[in-house]
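Structure first, commentary second.
The values are calculated or read from the model by the stated rules, or taken from the named source; none is laboratory data. Quantities reported herein were computed from a predicted structural model and do not represent experimental measurements. Neighbour counts run over all protein chains shown; Cβ positions are idealised from the backbone, glycine included.
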């Protein structure tokens, strides 16, 4: 299954299931910082968000998953990620 577009709100809800969170003080302007511990290190991914109902393209979802260690190679299949 390919990565599919998600709203920012839905993406946050999914990431919270995997102990990821939004670091509110780190983003600048319309950027927000997504964080998760990956192999003992804090993985971060800055993402632009003007409103939480904004849809993020599949390429952005794929990049978030890769940076935060949530891909199939990391042991989290697509079906488990998307629920």
Is one or more of the residues making up the stretch 26-43 within 14 Å of residue 82 (Cα to Cα), in contact with a helix residue (DSSP H, G or I) (Cβ under 8 Å, 6 or more places away or on another chain) and crowded, with 17+ Cβ neighbours inside 10 Å? no
Within the stretch 18-26, is there a residue that is over 19 Å from residue 72 (Cα atoms), touching a strand residue (DSSP E or B) at 6+ places or on another chain (Cβ under 7 Å) and part of a loop (DSSP other than H, G, I, E, B)? yes
Taking the conditions exactly as written (more than 14 Å from the chain's Cα centre (by Cα) and in contact (Cβ under 8 Å) with a residue 40 or more places away in the chain), does residue 40 satisfy them or not? no
Where a residue in the stretch 45-60 is on the phi < 0 side of the Ramachandran plot and part of a loop (DSSP other than H, G, I, E, B) and its partner, wherever it lies, is surrounded by 12 or more Cβ atoms within 10 Å (Cβ to Cβ) and at pLDDT 95 or above, with Cβ under 6 Å and at least six apart: 49/8; 52/8; 52/9; 53/7; 54/8; 57/5
Given the conditions (1) surrounded by 12 or more Cβ atoms within 10 Å (Cβ to Cβ); (2) at pLDDT 95 or above; (3) touching a strand residue (DSSP E or B) at 6+ places or on another chain (Cβ under 8 Å), and given that residue 9 satisfies all but one, which numbered condition is not satisfied? (3)
In the stretch 1-17, anything touching a residue at least 12 places away in the same chain (Cβ under 8 Å) and not in a loop (DSSP other than H, G, I, E, B) is listed as 6, 7, 8, 9, 11, 12, 14, 15, 17
I'm checking my understanding of the structure. Among residues of the stretch 61-73 that are part of a helix (DSSP H, G or I) and without any contact (Cβ under 8 Å) to a residue 12 or more places away in the chain, which one is nearest to the chain's Cα centre (by Cα)? 66
Against the condition more than 13 Å from the chain's Cα centre (by Cα) and touching a residue at least 60 places away in the same chain (Cβ under 8 Å), how does residue 83 come out, does it pass? yes
